[in-house]
Each structure stands twice: as structure tokens, then as C-alpha cells.
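Working notes, beginning with the structure itself.
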Amino acid sequence: MSLQELIKSAELDITEGQIKAFFLGAQIGDKPLSFDKTMAELFADVQEGRKALETELKKLWDQLAKNQDKELANLFQGPKELKEYLTLALQKLDFFLTG
């Protein structure tokens, strides 16, 4: 069964791509979250299916951690100009939100 099918069976209202983005954000934050804390956040509203998904999500977590730079670059696929804009926006938003 694919990861997306497992996600649907757990009744999570989220896609595999959204989970990747969530995991990457949890890994690169100022205070990175552990896998266990990230899973607690992900399943805060839904406890069904966590056990069934945990192994596959841990594999995804490890893959993202291992290839973080590549995965971040692929997070926003699109024209080169869009990637440049989003990179600049991210840099500025960090300072804006800190202020």
C-alpha cells in the first residue's frame, strides 16, 4: 500500500506532499522537533491509524533528513524565477516574523 493510501486510511486530511513540507519545517526550525514530537503534532486531532503509518513516516522522515538540501530545493517546483522569489521571500519573512 502506498503512503498516500495509508494516509487516507488513517483519515488524515493531508497529502504526502504536505507531510513532507511539515516534516521539513519541523526539521529545520530554530528549535527542530524530534520525530516523536512531530508525530504528536501531526496526529493531534486524529489518533486512528498512527501505528499503521509510523513506520512509513519514519522512513520518510529519515529520507528527508538525509537529503534535506535537495528536498528543500524540490519543495517548490516551478520556474527558476519562482524558486528565486520564494528563497528571497523566505529570507525576508524570517526577519519580519522575528521582528
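Descriptive notes on the structure:
- Evaluation of G17 against (1) under 16 Å from Q63 (Cα atoms); (2) surrounded by 12 or more Cβ atoms within 10 Å (Cβ to Cβ); (3) of a type outside the set (D, E) (one fails), failing number: (2)
- Whichever residue in region 42-99 is in contact with a Lys or Arg (Cβ under 8 Å, 6 or more places away or on another chain) and either among the hydrophobic types (A, V, I, L, M, F, W, C) or loosely packed, with under 15 Cβ neighbours inside 10 Å (or both) and, among such residues, is modelled with the lowest pLDDT: F76
- The set of residues from region 17-39 being of a type outside the set (S, T, N, Q), without any contact (Cβ under 8 Å) to a residue 40 or more places away in the chain, part of a helix (DSSP H, G or I) and closer than 19 Å to E71 by Cα comprises G17, F22, G25, A26, F35.
- Close pairs from region 59-85: first under 17 Å from A26 (Cβ atoms), partner modelled with pLDDT under 85 and assigned to a helix (DSSP H, G or I), Cβ under 6 Å, at least 6 apart: none
The values are calculated or read from the model by the stated rules, or taken from the named source; none is laboratory data. Bear in mind the structure is a predicted one, so any value in this text is a computation, not a measurement. Counting neighbours? That spans all protein chains shown, and the Cβs are built from the backbone with ideal geometry, glycine included.
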